[in-house]
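Heads up: the structure comes next, in structure tokens.
Read-outs: derived from the displayed coordinates by stated rules, not from any lab. Worth saying up front: this structure is predicted, and the values here are computed from it rather than measured. Cβ placement follows ideal geometry from the backbone for every residue including glycine, while neighbour counts extend to all protein chains displayed.
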Amino acid sequence: QVQLVESGGGLVQAGGSLTLSCAASRSTFSINAIGWYRQAPGRTRELVATISSGHIAYYADSVKGRSTISRDNAKNTVYLQMNSLKPEDTAVYYCKATTNLGDYWGQGTQVTVSS
């Protein structure tokens with residue numbers, strides 16, 4: 001089992017930057033992939049970015065070029081740096097760990113971008 005804790009959300013003006021962190025309760029070496037998802041009010045949860053155990057990253061078109069996902073296995077933490085934030089980036093951001101035993105979600109962190 002893996003417990004995930006997100007942090008780093010907050011209120012930021014459009015054009016600003018945030019770095020979200022997802023801390024895992026055990027070594028990320030054993031986690032196949034970790035992804036960031038977001039859910040805005042009234043909308044379904046959507047994929048933002050993922051990173052594999054081999055550090056291969058994937059980005060949704062909506063954040064490509066503005067975001068960087070990275071993982072620090074020594075700290076059991078995955079980061080999502082977001083730049084040039086837009087009001088439409090406002091959502092609760094969740095991280096998800098994919099393991100051989102299943103998927104695990106964190107509780108989420110709120111990101112609010114003001115115009």
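Taking amide H atoms as placed 1.01 Å from N in the peptide plane, the amide H of residue 71 lies under 5 Å from those of 79, each 5 or more residues away in sequence or on another chain. For the stretch 1-94, the share of alpha carbon pairs falling in successive 10 Å distance bins from zero is 16, 51, 28, 4 percent. Of all lysines in the structure, those lying under 22 Å Cα to Cα from residue 75, and not within fewer than 8 positions of it along the same chain, are 96.
DSSP loop (so not H, G, I, E, B), at most 13 other Cβ within 10 Å: list which trypsin sites (Lys or Arg not before Pro) in the stretch 1-52 pass both filters. Write down the numbers at each step before the final one.
Working: sites: 26, 38, 43, 45; in loops: 26, 43, 45.
Those that pass, being in a loop and sparsely packed, are 26, 43.
How big is the charge dipole of the chain about its Cα centre, in debye rounded to the nearest 20, if each Lys and Arg gets +1 on its Cβ and each Asp and Glu gets -1 on its Cβ?
Details: 10 positive and 7 negative charges, 13 e Å.
About 60 debye.
Partner lysines whose Cα lies under 20 Å from the Cα of residue 86, excluding those fewer than 8 positions away in the same chain, are identified as 64.
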